[in-house]
Amino acid sequence: LFKQCAYPSETRRRQISEELGLDINQVKFWFQNKKTQMKTINERLDNNVLRVENERIQSENLKMREALQKVFCVPCGGGAFGGAEERELSLQILKAENFLLTKEASKLFYLI
């Protein structure tokens, strides 16, 4: 009955009350209670879906944080963007390459 019409008119509620031998207010409150019950059930289902989605996102977030830590943290086993020592070494290598290229360019300039 509820699935057919969750919001019966007063006429329909009166008809139901006569068929079941109940007071019209009992029928009215039964429908109200049933709607509240259905709403509660649907909210619980929605909450469960959202909880699972939240757990999935938190897990994904944790994996991303761990991946970032490995990339950015040399002492923790991470890579390329380490501390001052690594930057200093890279700078020295670049300076040496620059010196060699400048020297080679000078030789070529004098040959032309």
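Give the cross-link partners of Lys34 among the lysines, using a straight C-alpha distance below 18 Å as the criterion and excluding same-chain residues fewer than 8 apart.
Leaving aside lysines fewer than 8 places away in the same chain, those within reach of Lys34 are Lys3.
List the lysines whose alpha-carbon lies under 19 Å from that of Lys103, not counting same-chain residues fewer than 8 positions away?
Partners found: Lys95.
Over region 1-79, calculate the relative contact order: mean separation of alpha carbon pairs under 8 Å at least 6 apart, over the residue count, as a percent.
On the way: 25 pairs, mean separation 12.5, N = 79.
This gives 16 percent for region 1-79.
Which FRET efficiency value, to the nearest 0.05, is calculated for Thr36 and Glu66 with the Förster distance at 30 angstrom and r the Cβ-Cβ distance? Show your work: numbers first, answer last.
Working: r = 45 Å, r/R0 = 1.49.
The value I calculate is 0.10.
Starting from the 7 Å offset along Cα-to-Cβ, what nm value, one decimal, do you get for the label separation of Arg51 and Gln15?
4.2
Readers should treat all values here as calculations from the given coordinates under stated rules, not as data from a laboratory. Everything numeric in this text was worked out from a predicted model, so none of it was measured. Neighbour counts run over all protein chains shown; Cβ positions are idealised from the backbone, glycine included.
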